[in-house]
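Just below is one structure, and these are the notes that go with it.
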Amino acid sequence: MTSTYGDVEVSAQGLPEWLLPVARLAETIEPRQLSRFLPPAQGGGRPSAVLVLFGEGPGGPELLLMERSGSLRSHAGQPSFPGGALDPEDGDPEEEGPLRAALREAEEETGLDPSGVQVFAVLPRLYIPVSGFVVTPVLGWWRRPTPVGPVDLAETARVFTVPVADLTDPENRATTVHPSGHRGPAFLVGSALVWGFTAGVIDRILHYAGWERPWDRAKRVPLDWRA
């Protein structure tokens, strides 16, 4: 299936077989199936986008993540998808804007070449209450990988990929409790604790793609797990 947002093409043609369940879930998933935090009904919130980029690595299917600089005002030191707020030049927030923003931010933060990314779907917009961002997750296939790494250490501490097999491994899964009392899924992968918005999106993708394996939801990990 191919569609166009403004002048940006979104196509699932030519995806590897293993990625098709993700493309299919994107066609039918409802916002409430992704998160209980949805954009305010009365409007508001800052339009933004993230790039959920799947690739093929030495360990099989993988996902691109980055760790935000510890000096940032929001979500400091937190593993996340590449992404950020829309700029005026990205275009219409209801059309091509989120797609352009996701690719632009990924290039600015990780140095990847956007021409090697095939956008194959867009998920419903979600909300991050703590920062007021209205986030559009843009799903991409890294059909032509290029070298990546922090472009600006004031924004990005490191860039890394995580095998999907590590994300689905029950030993790497846990629940975190935010100081606000909110509980959410988390992933202990490599030297990173992936939690919050990013972990929530990954958790729902694994579930609805049929990749999730039974895991111990009673297992707790503190946000300061390295302490």
What spacing in nm lies between the two simple spin-label points modelled at Ser131 and Ala165, each 7 Å away from Cα in the Cβ direction? 3.2 nm
FRET efficiency for Ile29 and Val151 from the Cβ-Cβ distance with R0 = 30 Å, rounded to 0.05, comes out at 0.40
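Compute the FRET efficiency between Trp211 and Ser191 as 1/(1 + (r/R0)^6), taking r as their Cβ-Cβ distance and R0 = 41 Å, and round to the nearest 0.05. Provide the component values of the computation, followed by the final result.
Working: r = 23 Å, r/R0 = 0.56.
Taking R0 as 41 Å, the efficiency between Trp211 and Ser191 is 0.95.
Taking 10 °C and 1.306 mPa s as the conditions, I'd like the Stokes-Einstein D for the chain in µm²/s, using the Kirkwood hydrodynamic radius from alpha carbon pairs.
Details: Rh = 17.7 Å.
In µm²/s, the coefficient is 90.
How big is the antiparallel share of DSSP beta bridges in segment 30-175, given as a percent to the nearest 5? Can you show the working numbers first?
Values: 24 of 33 bridges.
The antiparallel fraction comes to roughly 75 percent.
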For labels at Arg220 and Trp18 in the simple 7 Å Cα→Cβ model, what's the distance in nm? 3.5 nm
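Every number here is computed from the coordinates shown, using simple stated rules; none is lab data. These numbers come from a predicted model, not from an experiment. So basically every Cβ, Gly included, is an ideal-geometry build from the backbone, and we count neighbours across all protein chains shown.
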